[in-house]
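What follows is one structure encoded as structure tokens, with my remarks underneath.
The values are calculated or read from the model by the stated rules, or taken from the named source; none is laboratory data. The structure presented is a predicted model; accordingly, all values stated were derived computationally and were not measured. Quick reminder, even Gly has a Cβ in these numbers, built from the backbone with ideal geometry, and neighbours come from all protein chains shown.
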Amino acid sequence: MKVVGDLLDSYPMFGLCLVHAHCTLEPGEIMLASGHVSEPVLLTDTVKYYPERWTSAGRAYKFRTEPTEQPPTELVSCFRAAVGELYEVLGLYYAGTGKQIHQLERTEGRRNVLEDFCDANMNVERLETNWKDFGSGNPVTMTCVIFCDTTTTRSGGYHKNTKTHYRQ
Ligand SMILES: [Zn+2]
């Protein structure tokens, strides 16, 4: 993982993520983040969306309403080589230029809601899902509250439909 960390530290606009989803998408839907809320949206001509997360193969699987940048081709190829056998579970996310703070993601039905992590969340069962700034010694930038089934498929970053993370 040190190779991955060193690689990403030289591309500060991108971070490492666990490729997973909290719900199953229906045909025509994408997972779209707007502000602190992500939810499935049926694509229409009027929906504006930009890729925010990519599999190690460079395929976008999550989107947001604000513009992003594509990971450079050399980053994707080096990343793919660096993750080795973990290529199905590790991906890239667009972090932008702002300071990254640790956020907590909760599932509410098919919506995922982000909040800033605070000490009150310390004992909540959660899974680390985003990392950045590996040289800092404190790279975690997101944890998910509910246990995420990280099984993915070759074609996408979707869970098996086991609903282990619908616990409310
Ligand atoms: Zn999650």
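Select from the range 60-108 the residues that are assigned to a helix (DSSP H, G or I) and among the charged types (D, E, K, R) and write down the one among them that is nearest to Gly5 (Cα to Cα). Per the stated criteria, the residue is Arg80.
Scanning the range 99-148 for residues that are closer than 23 Å to Glu39 by Cα and more than 16 Å from the ligand (Cβ to nearest atom), we see that the one that is modelled with the lowest pLDDT is Gln100.
Of all residues in the range 122-148, those being assigned to a strand (DSSP E or B), of a type outside the set (A, V, I, L, M) and touching a residue at least 60 places away in the same chain (Cβ under 8 Å) number 6.
Of the residues making up the range 55-74, just one is among the hydroxyl-bearing types (Ser, Thr, Tyr) and in contact with an Asp or Glu (Cβ under 7 Å, 6 or more places away or on another chain), namely Thr68. Within the set of pairs 6 or more residues apart or between chains, which connect a residue that is farther than 21 Å from Gly15 by Cβ inside the range 101-121 to a residue that is at pLDDT 95 or above and more than 12 Å from the ligand (Cβ to nearest atom) with Cβ atoms less than 6 Å apart? Here the result reads Arg110/Glu39; Arg110/Pro40; Arg111/Val37; Arg111/Glu39, each pair linking the range 101-121 to a residue that is at pLDDT 95 or above and more than 12 Å from the ligand (Cβ to nearest atom). Counting only residues that are of a type outside the set (Phe, Trp, Tyr) and within 11 Å of Tyr93 (Cβ to Cβ), which one in the range 56-74 is surrounded by the most Cβ atoms within 10 Å (Cβ to Cβ)? Checking each candidate, the answer is Lys62.
If you check Val3 against the conditions, is it among the β-branched types (Val, Ile, Thr) and either part of a loop (DSSP other than H, G, I, E, B) or modelled with pLDDT of 95 or more (or both)? Here the answer is no, as Val3 does not meet what is asked. Filtering the range 6-30 down to residues that are part of a loop (DSSP other than H, G, I, E, B) and within 16 Å of the ligand (Cβ to nearest atom), which residue is surrounded by the fewest Cβ atoms within 10 Å (Cβ to Cβ)? Among those that are part of a loop (DSSP other than H, G, I, E, B) and within 16 Å of the ligand (Cβ to nearest atom), it is Thr24.
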